[in-house]
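Beneath this line is the structure, given in structure tokens, with notes to follow.
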Amino acid sequence: MSQKKVDKYKNSKYSRNSALKKERAEFVLEMAAWILIAVLLVGWIGYSAYAKIQAKEASVKVDTVMDTSALTDYISGLSSDSAE
């Protein structure tokens, strides 16, 4: 081997650990970014579904108001008739 190749091999050998550390750090950051994106996507889908369900339930609930004064008068009239 020529001296040039030997020097190149030695330099790559010495810098191999730092290159591997750099690659590992980039890989970890990339995976963390993908996990964050996935969590945000799942959270957004879940929140959207929850909001739609809540809106649907709110539109289905109908409060009915009924005036029972006539019924109360009728029942009290029956009670007073039977008491006499």
Inverse of <1/r> over all distinct C-alpha pairs of the range 3-83, i.e. the Kirkwood Rh in Å, gives 20.7 Å
With +1 on the Cβ of every Lys and Arg and -1 on the Cβ of every Asp and Glu, the dipole magnitude of the range 3-83 about its Cα centre, in debye rounded to the nearest 20, is 2060 debye
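May I ask you to compute the full-extension gain from residue 23 to residue 63, defined as 0.36 nm times their residue separation minus their alpha-carbon distance, rounded to one decimal in nm?
Values: separation 40, 0.36 × 40 = 14.40 nm, distance 6.27 nm.
Taking 0.36 nm per residue and subtracting the Cα distance, the gain is 8.1 nm.
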Once the dipole of the chain is set up from charges on Cβ (+1 Lys and Arg, -1 Asp and Glu), the residue from the list 37, 66, 79 lying farthest towards its positive end is 37
Straight-line reach check, residue 21, cutoff 30 Å on alpha carbons, 8 or more apart in-chain or any other chain, hits among lysines -> 4, 5, 8, 10, 13
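Coordinate-derived values only; no laboratory data. Here the structure is a predicted model, which means the values were calculated and not measured. Using ideal geometry, Cβ is built from the backbone for each residue, glycine included, and neighbour counts are taken over all protein chains shown.
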